[in-house]
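Visitor: Once you've had a glance at the structure underneath, I'll fire off some questions.
The values are calculated or read from the model by the stated rules, or taken from the named source; none is laboratory data. Predicted model only: the values in this text are computed from it and were never measured. Please note: Cβ atoms are built from the backbone with ideal geometry, for glycine as well, and neighbour counts cover all protein chains shown.
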Amino acid sequence: MKLAAPKISGQVSRKEFLEIFDGEDLALENGKVIGSVFESEVANNIRLYDVMMQSCSFLNADLSQIDMTDVVFEHCDLSNVKLHKSSIHRVEFRNCKLVGVDFSDSRFGNVQFIDSVLNFASFADSKFEKIIYQNSSLKGSDFFNCKFKNVDFYECQLEGANFSETSLKGVDISTSTFEQLIINIKDLRGCNVSTYQALQFASLLGLMIKD
């Protein structure tokens, strides 16, 4: 699946994250932010556009209802960050730590999570279109009541992930690993799985498989 990549300007000026408070619209545009720390702080309804975020820490921050378009996060820590009811489009998270992040009730379009840790992240009640999770850990993550359209999990760790009330039709999890998922059998219809995974799911049906 091909996604629309973030449209980052060829030349962007160095900025600090706190510059979002310089204007009335709480926005940060056309810049590169390196090493900013915004931990346990609150900044709701802010807007990020055409921004590179590198080696920044937002640990325990409340960034609910953020609007992000054309943004790249690299080596950033967003653990336990509140991003509830956010709009996230053409965004990439690369080598980021997002343990316990709250993305619930958000909208995602053309988003990639690459080489990142999202254990116990919450995506409940969110809508996804053209999303790739690649080589990332999503142990114990929550996808309750989500809407998926063109969503793939490549070589991810999905142990204990919750997909209750979420249809996996057309979703590819065949290269990912898990021993147990929380999911309704009806929602597995049309999911792309490996032979081994098919045997795992067969056990949920109480089937006795003989060679």
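Visitor: Please verify whether segment 186-203 includes one or more residues that are within 19 Å of SER122 (Cβ to Cβ) and either modelled with pLDDT under 90 or in a helix (DSSP H, G or I) (or both). Break it down into steps so the answer makes sense when it comes.
Guide: Taking segment 186-203 and keeping what is within 19 Å of SER122 (Cβ to Cβ), we get 187.
Subsequent filtering for residues that are either modelled with pLDDT under 90 or in a helix (DSSP H, G or I) (or both) retains 187.
Yes, segment 186-203 contains at least one residue that is within 19 Å of SER122 (Cβ to Cβ) and either modelled with pLDDT under 90 or in a helix (DSSP H, G or I) (or both).
Matching residues to (1) aliphatic (A, V, I, L, M); (2) free of Cβ contacts under 8 Å to residues at least 24 places away in the same chain:
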{"position": "LEU28", "(1), (2)": "yes, yes"}
{"position": "PHE38", "(1), (2)": "no, yes"}
{"position": "GLN54", "(1), (2)": "no, yes"}
{"position": "ILE66", "(1), (2)": "yes, yes"}
{"position": "LEU78", "(1), (2)": "yes, yes"}
{"position": "VAL91", "(1), (2)": "yes, no"}
{"position": "CYS96", "(1), (2)": "no, yes"}
{"position": "PHE103", "(1), (2)": "no, yes"}
{"position": "ARG107", "(1), (2)": "no, yes"}
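Visitor: Something else now. Would you confirm, using the coordinates I've provided, whether VAL101 is surrounded by 17 or more Cβ atoms within 10 Å (Cβ to Cβ) and in contact with a Ser or Thr (Cβ under 8 Å, 6 or more places away or on another chain)?
Guide: Numbers: surrounded by 17 or more Cβ atoms within 10 Å (Cβ to Cβ): yes; in contact with a Ser or Thr (Cβ under 8 Å, 6 or more places away or on another chain): yes.
It is true that VAL101 is surrounded by 17 or more Cβ atoms within 10 Å (Cβ to Cβ) and in contact with a Ser or Thr (Cβ under 8 Å, 6 or more places away or on another chain).
Visitor: Separate question: Assess whether GLU92 counts as being outside any loop (DSSP other than H, G, I, E, B), at pLDDT below 95 and within 24 Å of SER9 (Cβ to Cβ).
Guide: no
Visitor: Let me ask something additional. Taking segment 27-45, which residues are of a type in the set (A, V, I, L, M, F, W, C) and farther than 30 Å from VAL151 by Cβ? It would help to see each step written out before you state the result.
Guide: First, the residues of segment 27-45 that are of a type in the set (A, V, I, L, M, F, W, C): 27-28, 33-34, 37-38, 42-43.
Of everything in segment 27-45, those that are of a type in the set (A, V, I, L, M, F, W, C) and farther than 30 Å from VAL151 by Cβ turn out to be ILE34, VAL37, VAL42.
Visitor: What residue, among those in segment 70-112 that are among the β-branched types (Val, Ile, Thr) and in contact with a Pro (Cβ under 8 Å, 6 or more places away or on another chain), is farthest from VAL51 (Cα to Cα)? Talk me through it step by step, then tell me what you get.
Guide: Going residue by residue through segment 70-112, those that are among the β-branched types (Val, Ile, Thr) are 71-72, 81, 88, 91, 99, 101, 111.
This time we only want the ones that are in contact with a Pro (Cβ under 8 Å, 6 or more places away or on another chain), so: 71-72, 91.
Working: VAL71: 5, VAL72: 7, VAL91: 10 Å.
Ranking the qualifying residues of segment 70-112, first place goes to VAL91.
Visitor: If only one of ASN80, ASN44 is touching a Gly at 6+ places or on another chain (Cβ under 7 Å) and either part of a strand (DSSP E or B) or not small (Gly, Ala, Ser) (or both), which one is it?
Guide: Working: ASN44 fails: touching a Gly at 6+ places or on another chain (Cβ under 7 Å).
Just one listed residue meets the conditions, ASN80.
Visitor: Here are some residues: PHE108, PHE113, PHE163. Which one is more than 23 Å from ILE66 (Cα to Cα), buried (at least 17 other Cβ atoms within 10 Å of the Cβ) and either modelled with pLDDT under 90 or not hydroxyl-bearing (Ser, Thr, Tyr) (or both)?
Guide: Values: PHE108 fails: more than 23 Å from ILE66 (Cα to Cα); PHE113 fails: more than 23 Å from ILE66 (Cα to Cα).
So the residue among PHE108, PHE113, PHE163 that is more than 23 Å from ILE66 (Cα to Cα), buried (at least 17 other Cβ atoms within 10 Å of the Cβ) and either modelled with pLDDT under 90 or not hydroxyl-bearing (Ser, Thr, Tyr) (or both) is PHE163.
Visitor: A further question on this structure: So which pairs qualify, if the first residue must be in segment 169-180 and on the phi < 0 side of the Ramachandran plot, the second must be polar (S, T, N, Q) and not in a strand (DSSP E or B), the Cβ gap must be under 6 Å, and the two must be at least 6 apart or on different chains?
Guide: Hits for this filter: SER174/SER194.
Visitor: Can you pull out every residue in segment 148-160 that is farther than 26 Å from ALA4 by Cβ and part of a loop (DSSP other than H, G, I, E, B)?
Guide: Of the residues in segment 148-160, the ones farther than 26 Å from ALA4 by Cβ are 157, 159-160.
Hits for segment 148-160 are GLU159, GLY160.
Visitor: ASN30 passes all but one of (1) assigned to a strand (DSSP E or B); (2) under 20 Å from the mean Cα position of the chain (by Cα); which number fails?
Guide: Result: ASN30 passes all but (2).
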